[in-house]
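The values are calculated or read from the model by the stated rules, or taken from the named source; none is laboratory data. Since the structure is predicted, the reported quantities are computational estimates derived from the model, not experimental observations. In this analysis, Cβ positions are derived from the backbone assuming ideal geometry, glycine residues included, and neighbour counts consider all displayed protein chains.
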Amino acid sequence: MARDEDDLETGESPEIKVPDPRENPSLVGHEAAEAVLLRAFLANRLPSGLLITGPHGIGKATLAFRFARFLLAQAAERSGGGLFVPAAPTTLAVPAEHPVFRRIAAGGHADLLTIERGIDPKRKRERSEIVIEDARKVAGFLHLTPAEGGWRIVIVDIADEMNRSAANTLLKILEEPPARAVLILLSDNPGRLLPTIRSRCRRLALRPLSNERVDALIARYRPDLTEAERSQLVKLAKGSIGRALELQEVKGLAIKDSIEALLAGLPKLDGAALQDLADEVSRWNSEGTFSVLAELLPETLAEKIAAAARPESRSDPPLSTLLRRRGLDRWVEVWEKIIHLFAQADAINLDRKQVVLNAFFALEEAAR
């Protein structure tokens with residue numbers, strides 16, 4: 001395992017603070033990917049475009065910043081002069097006390113640019129996509145001479161969120177990349193990227209973490225949780241520690257319980273419980289809670305449909321019977337409708353409470 005500090009199995013006091021990827025010295029579970037990058041560096045065959053893919057929250061950004069720190073630290077060491085050439089590195093790890101590490105953690109390294117969704121000045125909130133103005137920053141930045149004589153590095157987090165204009169701007173850079181420049185694209189769903197962007201990048205696919213890894217990390221960062229709560233989070237996380245911690249932060253377990261209870265009540269919904277859930281996730285400061293519901297409801301429904309398709313399954317027998325009696329094709333259509341409904345919520349700024357109500361009303365109608 002690629003680790004730099006305390007190991008999960010040492011029994012030391014767990015850390016409570018979850019480090020931001022740009023200041024995280026540890027990488028858990030992706031030693032194979034780290035080895036690929038190190039070999040490319042040692043062979044002097046670094047790609048100008050690197051596409052790191054994998055589910056949300058499994059460590060893509062942590063690996064990207066780890067690699068960026070490594071490249072910039074190597075450049076700093078080789079430009080420092082001296083009689084001896086530094087030994088060949090055996091890991092991408094850079095000590096937390098290293099000047100490059102500290103500057104990147106503070107967001108102040110002149111040769112590293114991070115592109116994320118910006119703030120919409122009209123709506124005074126985060127944009128739903130990366131726009132062309134963001135992509136144009138990349139071209140200007142990469143064509144500058146490296147401030148410290150090494151590399152110019154750009155991390156795009158998340159590349160899936162680029163709109164068409166931004167993607168085409170980035171494609172032009174990949175078609176004629178500047179020298180000593182590395183463009184690192186992070187992607188939860190590479191199928192959403194332009195095929196021409198994918199073809200011009202070296203792809204590095206990260207696998208979900210094992211349940212044991214996720215459980216150990218939850219115990220490290222959230223030592224107040226019970227074993228039962230950790231077990232539930234591990235099941236919902238699907239190999240992503242980021243997803244597990246996000247679910248815990250926005251009361252994801254309670255939302256999951258509410259969804260299960262409402263589905264179990266079909267063909268008649270508990271009106272009071274539904275109103276409470278809709279109110280909870282539609283408050284002005286509950287962005288994360290609404291997003292979690294938008295993920296968990298279709299996900300839970302898909303699990304129920306799959307279980308109902310297996311006659312031998314004994315889970316939720318009343319609901320499974322109902323699903324089969326109404327026809328599984330019909331429920332698949334409702335599942336697609338719910339996904340589309342939640343996707344529209346941000347795209348055209350729909351009323352969130354009404355979106356939640358309409359999603360469950362569609363389920364109730366299909367169950368009758």
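Couple of notes before you dig in:
- Counting residues in the stretch 270-288 that are under 19 Å from the mean Cα position of the chain (by Cα) and part of a helix (DSSP H, G or I) gives one or more.
- Residue match in the stretch 329-349 (condition: at pLDDT 80 or above, more than 25 Å from the chain's Cα centre (by Cα) and not in a helix (DSSP H, G or I)): no
- Filtered by the rule that a residue be under 14 Å from Ile155 (Cβ atoms) and of a type in the set (A, V, I, L, M, F, W, C), the stretch 55-70 gives Ala61, Leu63, Ala64, Phe65, Phe67, Ala68, Phe70.
- One residue from Arg200, Arg180, Arg192 being of a type in the set (D, E, K, R), at pLDDT 95 or above and closer than 22 Å to Leu63 by Cα: Arg200
- Set side by side, the residues Pro89, Pro177, Pro146, Pro95 differ, and just one is in contact with a Lys or Arg (Cβ under 8 Å, 6 or more places away or on another chain) and in a loop (DSSP other than H, G, I, E, B), which is Pro146.
- Where Thr90 falls short, out of the listed (1) exposed (fewer than 14 other Cβ atoms within 10 Å of the Cβ); (2) farther than 23 Å from Glu34 by Cβ; (3) out of contact with any Asp or Glu (no Cβ under 9 Å at 6 or more places or on another chain); (4) not aliphatic (A, V, I, L, M): (2)
- Residue, surrounded by the most Cβ atoms within 10 Å (Cβ to Cβ), within the stretch 180-202, restricted to residues that are under 17 Å from the mean Cα position of the chain (by Cα) and part of a helix (DSSP H, G or I): Pro190
- Residue within the stretch 122-129 that is surrounded by fewer than 18 Cβ atoms within 10 Å (Cβ to Cβ), outside the structural domain of Ile348 (by TED's automatic domain parsing), of a type in the set (D, E, K, R) and at positive phi present: yes
- Meets criteria (at negative phi and either touching a residue at least 60 places away in the same chain (Cβ under 8 Å) or of a type in the set (Lys, Arg) (or both)) for Pro195: no
- Within this structure, Leu46 fails the test of being outside any loop (DSSP other than H, G, I, E, B), under 30 Å from Ser165 (Cα atoms) and within 26 Å of the chain's Cα centre (by Cα).
- Residue identified as assigned to a helix (DSSP H, G or I), at pLDDT 95 or above and either assigned by TED's automatic domain parsing to the domain that holds Leu296 or in contact with a helix residue (DSSP H, G or I) (Cβ under 6 Å, 6 or more places away or on another chain) (or both) among Leu233, Leu217: Leu233
- Which listed residue, of Ala167, Ala205, Ala264, is at pLDDT 95 or above, surrounded by fewer than 19 Cβ atoms within 10 Å (Cβ to Cβ) and hydrophobic (A, V, I, L, M, F, W, C): Ala205
- Applying the condition of being of a type in the set (Ser, Thr, Tyr) and under 27 Å from Glu176 (Cβ atoms) to the stretch 32-83 and asking which residue is modelled with the lowest pLDDT yields Ser79.
- Taking the stretch 203-214 as the range and being part of a loop (DSSP other than H, G, I, E, B) and among the aliphatic types (A, V, I, L, M) as the test, the residues that pass are Leu206, Leu209.
- Identity of the residue in the stretch 38-70, over 30 Å from Glu295 (Cβ atoms) and of a type in the set (A, V, I, L, M, F, W, C), that ends up surrounded by the fewest Cβ atoms within 10 Å (Cβ to Cβ): Ala43
- A residue that is in contact with a His (Cβ under 8 Å, 6 or more places away or on another chain), closer than 26 Å to Ala61 by Cα and crowded, with 21+ Cβ neighbours inside 10 Å occurs nowhere in the stretch 227-238.
- Residue within the stretch 325-336 that is free of Cβ contacts under 8 Å to residues at least 24 places away in the same chain, buried (at least 18 other Cβ atoms within 10 Å of the Cβ) and assigned by TED's automatic domain parsing to the domain that holds Leu263 present: no
- Residue within the stretch 261-273 that is at negative phi and either acidic (Asp, Glu) or in the same structural domain as Asp120 (by TED's automatic domain parsing) (or both) present: yes
- Within the stretch 49-71, being more than 21 Å from Thr196 (Cα to Cα) and either assigned to a loop (DSSP other than H, G, I, E, B) or β-branched (Val, Ile, Thr) (or both) holds for Pro55, His56, Gly57, Ile58, Gly59, Thr62.
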